[in-house]
């Protein structure tokens, strides 16, 4: 059965799981789009940094625009990379602590951790909107791009991370117990 034509998926050894529309949107469109954008930014950064080094040390001419654009791209890369890591539950974790508890205790630790993440993301989005609004009229020194483009990465990435974190928190809330700090089955 093709994945695109069905709203259910089969996990090996379990009953079919019904995918909600938001899950299909996050897994089939948003996640891959973020991955492609991150890949394009990495490729752009490599090209810009290489051209900047080549022009500075070979041709003795500085490309000021490449430094400015590389800084903007690096901010977006960092925050969109965080979206990809949160989606995969691949952030650095302290995995031994939840294993000190039984399933109910693990669930409680997981809910506490997710509440902290959600609060941080709400703050990040709110302050990102404030900073973007305050700096959107300012222009960068060389390219004359709005400075707010840098700060726009905060609410954009924060909103995407919030969607994935809410989904993880809802799944944890509905679970009977047991939680690991990352997607890995065995942690060091």
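For region 135-175, filtering for residues that are in a helix (DSSP H, G or I) and touching a residue at least 12 places away in the same chain (Cβ under 8 Å) leaves 25.
Residue selection: residue 89 satisfies the criterion of being surrounded by fewer than 16 Cβ atoms within 10 Å (Cβ to Cβ), in contact (Cβ under 8 Å) with a residue 60 or more places away in the chain and at positive phi.
Can you say whether residue 181 is farther than 30 Å from residue 45 by Cβ, assigned to a helix (DSSP H, G or I) and more than 15 Å from the chain's Cα centre (by Cα), as far as the supplied structure shows? Against the criterion (farther than 30 Å from residue 45 by Cβ, assigned to a helix (DSSP H, G or I) and more than 15 Å from the chain's Cα centre (by Cα)), residue 181 does not qualify. Can you find even one residue in region 109-118 that is out of contact with any helix residue (DSSP H, G or I) (no Cβ under 8 Å at 6 or more places or on another chain), modelled with pLDDT under 90, part of a helix (DSSP H, G or I) and surrounded by fewer than 18 Cβ atoms within 10 Å (Cβ to Cβ)? Within region 109-118, not a single residue is out of contact with any helix residue (DSSP H, G or I) (no Cβ under 8 Å at 6 or more places or on another chain), modelled with pLDDT under 90, part of a helix (DSSP H, G or I) and surrounded by fewer than 18 Cβ atoms within 10 Å (Cβ to Cβ).
For every residue, the table says whether it meets (1) under 12 Å from the mean Cα position of the chain (by Cα); (2) within 22 Å of residue 144 (Cα to Cα); (3) free of Cβ contacts under 8 Å to residues at least 24 places away in the same chain.
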| residue | (1), (2), (3) |
| --- | --- |
| 39 | no, no, yes |
| 43 | no, no, yes |
| 59 | no, no, yes |
| 73 | no, yes, no |
| 85 | yes, no, yes |
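Within region 141-188, the residues that satisfy the criterion of being crowded, with 17+ Cβ neighbours inside 10 Å and touching a strand residue (DSSP E or B) at 6+ places or on another chain (Cβ under 9 Å) are 147, 152.
The values are calculated or read from the model by the stated rules, or taken from the named source; none is laboratory data. Just so it is clear, the structure is predicted and the values come from calculations on it, not from any experiment. We place every Cβ from the backbone using ideal geometry, glycine too, and count neighbours over all the protein chains shown.
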